[in-house]
1. Could you give the angle, 0 to 90 degrees to the nearest 10, between helix B:82-94's Cα long axis and the longest principal axis of the Cα atoms of chain B?
2. Between segment B:188-228 and segment A:41-92, what is the C-alpha centre distance in whole Å?
3. Starting from the Cα gyration tensor of segment B:120-231, take the square roots of the eigenvalues, sort them a ≥ b ≥ c, and report rounded, prolate or oblate (rounded when a/c is under 1.5, otherwise prolate if a/b is larger than b/c, else oblate).
4. Could you estimate the translational diffusion coefficient of the protein assembly as shown from the Stokes-Einstein equation, with Rh from the Kirkwood formula over C-alpha pairs, at 4 °C and 1.567 mPa s, in whole µm²/s?
5. Ignoring ligands, DNA and RNA, how much accessible area is buried between chains A and B, both sides summed, with a 1.4 Å probe, to the nearest 100 Å²?
6. Calculate, in nm to one decimal, what A:Glu239 and A:Glu203 gain on full extension: separation in residues at 0.36 nm each, minus their alpha carbon distance.
7. Leaving ligands, DNA and RNA out of it, rank A:Thr246, B:Thr115 by accessible area with a 1.4 Å probe, largest first.
8. Could you pull the accessible area for B:Val274 with a 1.4 Å probe, rounded to 10 Å²?
Amino acid sequence: MKILVAVKRVPDPNATIKVRPDGTGIVTDNLKYVVNPFCEIAIEEALRIKENHGGAEVVLVSVGEQVCQEQLRTGLAMGADRAILVLQDGDVEPVIVARALAKLVEQEQPDIVMLGKQAIDDDSNVVGQMLAEMLGWGQGTFASEVKLSEDKSSAVVTREVDGGLEDVEMPLPAIITADLRLNEPRYASLPGIMKARKKELKEIPLGDLGIDQSVQVKVHKLSPPPERQAGKKVETVQELVDLLHTEAKVI
Amino acid sequence: MDFELDDDLKNIDQEARRLAANFDDEYWRDHDSRHEFPWDYYNRFAENGWIGVLIPTHYGGAGLGVQAAGVLLRAVASSGGAMNAASALHLSIFGMGPVIHHGSEEMKEKYLPPTATGELHVSFGVTEDDAGTDTSGIRTSARRNGDDWIITGKKIWNTKAQQAQKILLLVRTTPKEECRRPLDGMSLFLADLDRDYCEIREIPKLGRNAVNSNEVFINDLPVSGSDLVGEVGRGFYQLLDGLNPERIVLAAEAVGIGRRAIECATAYAGKREVFGRPIGKNQAIAHPLADSHSELEAADLLWQKAAWEYDRGGKNIGGLANMAKIRAAEAGFRACDRAMQVFGGFGYATEYNIERYWREARLMRIAPVSQEMALNYVAEHVLGLPKSY
Ligand SMILES: Cc1cc2nc3c(=O)[nH]c(=O)nc-3n(C[C@H](O)[C@H](O)[C@H](O)COP(=O)(O)OP(=O)(O)OC[C@H]3O[C@@H](n4cnc5c(N)ncnc54)[C@H](O)[C@@H]3O)c2cc1C
């Protein structure tokens, strides 16, 4: 069994993000980067499937700049077996990521492709869905639980939908995207970090994949959220009620 | 020359920080105020193999050097856990240095694997109240009992003795008067801290209170001959393989605490408004922070140079380890003190954590070696001045 896991390098969710004055992007100086938290959950799930179903090869894939290898190393330190970095400078549009992944799926022939449900930087939430469409595979998105059948020919994915859960079954190979509650990712252990450096990390320039790289969406402008107005402290309940009536006009 | 950390060290730094981030300031404040050992924290690091950083791979460790240990301990110290976080781990890291370098094969097979997994806790027993910094004046002694030994005496400041099953004891095996040199005639034992023969009393102290330091009264403690580390009479020299790494990693920890304090103070200076503007706009606030930042950066380079020298088996280790300790202890404490000034009254309030960092960073100027004694070392051994004491 083979599981391909997509890994995106994103700014640390705890970092304060500043938009560049000209609105063309964010200020990246001194910004810390991490594995997209949903991708981390996807890696963890792949590792658990490997551990609980008699072994599997877990292959990580990232599309982006050379520095993305830092995030791939983190995944390898968690326990993945090898990694592929598809090299491309600058932002890569989701559809191009999906095409690159589709190409790698052709080469690698995995049984499952695991992804995060979305990346916390651009929140696009589309790569998994587009990839399933391109490959003509079944998809279980927003997974909060994944169960493989005994013979590993199909998977039941519990999806978190508005107001409840939905179980969907699909034959493998399939696409699964991870939601927050799927699992709690492990931390890389020190021995894991030491082993990771000996694992294969193959680099392929995006151009070598021979995929359509035409850009379809252009980001025009980023703007920061409006600054929050200062709050007000009130002394009494009566005062609060009055203000809610006269100022906030909500009652 | 390349000042970049290599990929392994970068990963170690990043992953140690990530794991430490599960334990926030409130966790440490709480454990510090209740004098409670941080077991959850310790166990998480133990489970993930961090305690074995210096232990050779053959004995279940990661087989890395002092630089990696420093990066790990700097990361945990800068997490807000400060000295409490560092001390909970570091005794098992540098404390076993003499065993790794001088212990018998049997001793290493027996004690290094459980140290690496974190099950075996070891305390460090060098200091005595009557001898103080003059280690040659220790009076705890071991006498032969067939193939075994019996130890009697008293040690002080033994950190983590409450948790430890073993204590690395430096004792006299030949009276000082009979030795050619004052530091000869001492031996090192990895003794059982057997409560039937040892009384352990916690010392109330200024800070780092989640990790205890103790007085240990030793009454005719039987010690197996196989627990002797290295050679009889060479104990002090063998101990240097614990003491120098200790100075280096404590320097790294001091940098970590200082950086944490400056980070908090910088954030505070940017948002605290007095006279209608952020206090950080005043150079009287900004300059000390900038100055401390540069001092910490310098100290950070110095401990790494010392670690690099140690790891490659270089000769200048004593000088560099002491210099690193001097610079980092000053820079770390000054950073905390300045951070406290930036926070004003809130810096004195427990809730803002700065006073805790300050109390813990202050320790670095006294232990593991006082600034004065470290300077004595540099004056004598690096500059070649006559010994002053
Ligand atoms: C919290 C804590 C934890 C510790 N943990 C451990 C531990 O786990 N194991 C352990 O063995 N020890 C431990 N120590 C002990 C520590 O290493 C000693 O306290 C330290 O080395 C100083 O020794 P002393 O306290 O005996 O000071 P003293 O030797 O009494 O010195 C007092 C002062 O006089 C100065 N002085 C003395 N002689 C000279 C001289 N010739 N020239 C200039 N100045 C001089 C010293 O620098 C110092 O400022 C710990 C101490 C503390 C506070």
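The values are calculated or read from the model by the stated rules, or taken from the named source; none is laboratory data. Computed from a predicted structure; not experimentally measured. Every residue, glycine among them, receives a Cβ derived from its backbone with ideal geometry; neighbour counts consider all protein chains shown. In case anyone asks, the SASA skips ligands and DNA or RNA and just uses the protein heavy atoms, side chains included. Shrake-Rupley method; radii C 1.70, N 1.55, O 1.52, S 1.80 Å.
1. Helix B:82-94 and the main axis of chain B meet at about 30 degrees.
2. Here the two parts' Cα centres lie 47 Å apart.
3. Oblate is the answer for segment B:120-231, as a/c is 1.5 or above yet b/c matches or exceeds a/b.
4. My calculation gives 47 µm²/s for D.
5. By this definition, chains A and B bury close to 1500 Å².
6. Full extension of this stretch gives 6.5 nm more.
7. Ranked list, largest accessible area first: A:Thr246, B:Thr115.
8. 50
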